[in-house]
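Read the figures in this text as sums done on the coordinates, not as results from a lab. Remember, it's a predicted structure, so these values are computed and weren't measured experimentally. As a convention, Cβ positions derive from the backbone with ideal geometry for all residues, glycine included, and neighbour counts pool all protein chains shown.
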Amino acid sequence: MNSTSETAALGGSGHIEIPARWRVGQGILCLIVALLGVYFFAAGWHSGVGETRLADNVSLFDAVGVLVLMGFIWLTTPAAATLAWATFQESVRRKWMFALLIFAVVMLVNSTFFTWMQPGSQEKFIQDFGLGFIVIITMLMAIFLGVALVPPEIERRTILTILSKPVDRAQFLIGKFLGLCLTLLVNLAILSVMFLLTYAIFRFRLDHGIKEALMVYPGHPGLKFELGNLTTALSLQYGFLIIMAALALMLSLLLSNIAAIVVAFLIYFGGQTSGYWEYLSQGRSGGALDKGLSPAIRDTIHAIYFVLPRFDRFDVRERLVSHMPIGFNYMFKSFSSGLVYAAVLLIISYLLFSDREF
Amino acid sequence: MEQTATKTAPVEETARRTLGEVIIETKNLSKVYRAPFSRETKHALTDLNINVRRGEIFGLVGPNGSGKTTTLKLLLGLIKPTSGELTIFDQGPRDVAVKQRIGFLPDGPYFYDHLNASEVLDFYGKLFGFTEKERKERIPELLDLVNLSEQDRKRVIRTYSKGMVQRVGLAQALINDPEVLFLDEPTTGLDPIGARQMKDSILSQRDRGRTVLLCSHLLSDVQAICDRVAIISEGKLVKFGTVRELVGPSQTFEVFAEGMNDAALQTARESGFGVEVADDHVILNAASADLLDQALKLVRDAGGNVIDVKGHSETLEDVFVRTVKSDGRG
């Protein structure tokens, strides 16, 4: 350590100011989101696609998701972006992540091999298998990376040097969360591309040619429509992953590592069956329980249904196999509610984290 | 608490202490830890009153579990006080504007170990909002400052020795050229040369007008470089003052003399001096400043020559052990 070396003073006093260029970029992004929100709001409202139940129209409340997204963009300071990038770099260098990704890619590429298990409906099988596999793999990534976002920083004490820098705790959490969202986006994109390619090749072979695969006639909506629908379904999967990431993050601040993972899985299964809880609370589940439940228990079940994330909204496999299109209103409503749910989880995370002592 | 006797301090030291305004102050600062789901409490810190002035090296010493690290964490806003007040630059410790002006090297620092030293510093530089140009200028300077070779800079942190990690830790603490530097056991894991360089770096920070708050177990280091020291025991401040105030003036003296005959030595023994006879000189031990005068006179009267006089005072370690023992520990 050369004690004679003089260095230029870089650190000034006063509050940290966000560079003007950064703010302009944030403003442009927020404007784009707002315009898209207005467009989807209008398009969704007038969508000609008949949807099931809740997504038949878009209410004003659904626009809250757009505001939440704009809020996320505005709250992302350069420090949060730095933390997000560091989190992404760290995540993609995890060996188990890489192994999981390779395993998933191999399975997806070879999914046609397994079609012998469901002879006669190979197309349905590949769609079900591919989407289901992507759901499971990316969900595992979201949970295992999500619960490991903050606790290892505390255990390894890297948090001491980070929080002694001009980074407030909200920025720290947002940065970690966005880093995970970026990791999940990249992994989902890789898996989606591999799946769509595999499916396209399968269709070429099944229809004996590219031209034939693209043709549209009754009972054959054409490859273009199917790939579009699958892409929509995979985009919806990202909404689900954002909720799972926020959920895992929140649970990791509340519970031990193992407990957080277990509870995350329980909430996942609860969320996937949220429609059932709703029907059960109304006595319309169609099962033996419909008549035996007291009003108090029904109210409790309704409360659970209210609190649970609506993961079934993000699962559109049923619609895909029956070649039904997925409209704007459905996408808008699902994403919007997902963002609101994630924002609530992040606010709870911040409340848990803001006074945490290290 | 000893906060007197500034008149005995050297002129430079006095000037520095009177010029530097108080930039860190605690008033009755207390921290009580409560075990979750239990009524059990631990008083980690009780009514701590200290102040740190601009431009000084302030030492915080105490036995394990005495509350040093708790104090440091309170000052950095990593934990919240149970009661009392704490200000840095007249602001709360969690204010990001305060963080802009401080640097922190934790005890046994740990960084993202998949990054190399330059990447780690780049990461911290970005957290301060430095531009790429500023980071490209600043980072090599800092790595030169902590003597990390060009080759080592390109290796990932997980391959570093403890001492090298400590050097990176110092570099990241200095990345914003902080006005106040918090160092927790900075010489841990360093070899003697590294420890010496670390001490030089700390002193150079003071020479540049920077303030350093140092937590260390190595009391000889603290005594050598600190201007003021606070000794904490069982969460309470038990001594606080300049090193000179704590250690006090020399208390015993050794007079090295030659040319003294046996009769003179006998007189010295009878006068109450401890006498040690070596091959070509003798040593007279005087237990006070008054006895030192008598010893010098005795040598001169006996026709001998005084070769050397050495004064001995308590070390900070002596003061520390005595203080902690009298406080009920050890």
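Measure nothing but the geometry: give the 0 to 90° angle between the long axis through the Cα atoms of A:78-92 and the longest principal axis through the Cα atoms of chain A, rounded to 10°. On a 0 to 90 degree scale, this one is about 60. Beta bridges assigned by DSSP with both partners in region B:6-247 are antiparallel in approximately 55 percent of cases. Only alpha carbons enter this Debye calculation for the protein assembly as shown, each as an equal point scatterer, and the log10 of I(q)/I(0) it gives at q = 0.05, 0.07 Å⁻¹ is -0.38, -0.64.
Label sites at residue B:22 and residue A:256, each approximated as a point 7 angstrom past Cα along Cα to Cβ, lie 4.6 nm apart. Peptide B:95-101 has a mean shielding of 6, counted as Cβ atoms of other protein chains within 10 Å of each residue's Cβ. The residue A:303 and residue A:235 beta-carbon pair, evaluated with R₀ = 35 Å, returns a calculated FRET efficiency of approximately 0.70. In sequence order, region A:334-346 has phi-based couplings of 5, 4, 4, 5, x, 5, 5, 5, 4, 5, 4, 4, 5 Hz under the Karplus curve 6.51 cos²θ - 1.76 cosθ + 1.60, θ = phi - 60°, and Gly or Pro positions carry x.
Return the FRET efficiency for the residue pair residue A:197, residue A:225: r is the Cβ-Cβ distance, R0 is 22 Å, and the value is rounded to the nearest 0.05. FRET efficiency, residue A:197 to residue A:225: 0.80. A simple spin-label model places the labels of residue A:291 and residue A:210 6.2 nm from each other, with each point 7 Å out along Cα-to-Cβ.
Look at the dipole of region B:6-247 built from charges on Cβ: of B:205, B:30, B:148, the Cα furthest out on the positive end belongs to B:30. Dipole magnitude for chain A: computed about the Cα centre from +1 point charges on Lys and Arg Cβ and -1 point charges on Asp and Glu Cβ, it is near 300 debye.
By the beta-carbon count within 10 Å of each Cβ, the least crowded to most crowded order of B:99, B:239, A:291, B:162, fewest first, is A:291, B:162, B:239, B:99.
Across region A:315-322, computed HN-Hα scalar couplings (Karplus, 6.51 cos²θ - 1.76 cosθ + 1.60, θ = phi - 60°) run 9, 10, 4, 4, 5, 5, 5, 9 Hz from first to last residue, x flagging Gly and Pro.
In this Cβ point-charge picture (+1 for Lys and Arg, -1 for Asp and Glu), region B:6-247 has a dipole of about 480 debye about its Cα centre. Compared with the alpha-carbon gap, the fully stretched path from residue A:85 to residue A:32 is longer by 16.8 nm at 0.36 nm per residue. Largest GNM mean-square fluctuation among A:150, A:340, A:167, using chain A with Cα springs under 10 Å: A:167. Around the Cα centre of the protein assembly as shown, unit charges on the Cβ atoms of Lys, Arg, Asp and Glu (plus for the first two, minus for the last two) sum to a dipole of about 2600 debye.
Restricting attention to the protein assembly as shown, close to 70% of DSSP beta bridges with both partner residues there are antiparallel. Label positions at residue A:284 and residue A:317, each projected 7 Å from the Cα along the C-beta direction, are separated by 2.5 nm. Taking 0.36 nm per residue of sequence separation and removing the Cα-Cα distance, the residue B:136/residue B:313 pair yields an extension gain of 58.8 nm. For the pair residue A:348 and residue A:95, the difference between a 0.36 nm per residue extended length and the Cα-Cα distance amounts to 88.0 nm. Once Lys and Arg get +1 and Asp and Glu get -1 on their Cβ, which of B:284, B:218, B:248 lies farthest toward the positive end of the dipole of chain B? Comparing the listed Cα positions along the dipole, B:218 ranks first. Placing unit charges on the Cβ atoms of the charged side chains and taking the dipole of the protein assembly as shown about its Cα centre, the candidate lying farthest along the positive direction among A:26, A:260, A:232 is A:232. Separation of region B:212-289 from region A:313-345 is 80 Å, based on Cα centroids.
Where in region A:148-244 are there trypsin sites (Lys or Arg not before Pro) that are in a DSSP coil and have at most 14 other Cβ atoms within 10 angstrom of their Cβ?
Counting only loop positions with at most 14 other Cβ atoms within 10 Å, the trypsin sites (Lys or Arg not before Pro) in region A:148-244 are A:156.
Considering only B:234, B:21, B:270, the Gaussian network model of chain B with Cα springs below 10 Å gives its largest mean-square fluctuation to B:270.
For residue B:40 and residue B:191, the FRET efficiency from 1/(1 + (r/R0)^6), where r spans their Cβ atoms and R0 equals 41 Å, is about 0.45. Rounded if a/c is under 1.5, else prolate if a/b is larger than b/c, else oblate: which is region B:252-307, with a ≥ b ≥ c the root eigenvalues of its Cα gyration tensor? Here region B:252-307 falls in the rounded category.
In a GNM of chain A with a 10 Å cut-off on Cα contacts, which of A:247, A:188, A:197 has the highest mean-square fluctuation? Highest fluctuation among the options: A:197. What is the sum of charges, Lys and Arg at +1 and Asp and Glu at -1, for the other residues whose Cβ falls under 14 Å from the Cβ of residue A:233? Summing Lys and Arg as +1 and Asp and Glu as -1 gives -1.
Taking every alpha-carbon pair in chain A and binning the separations at 20 Å intervals from zero gives 25, 54, 19, 2, 0 percent.
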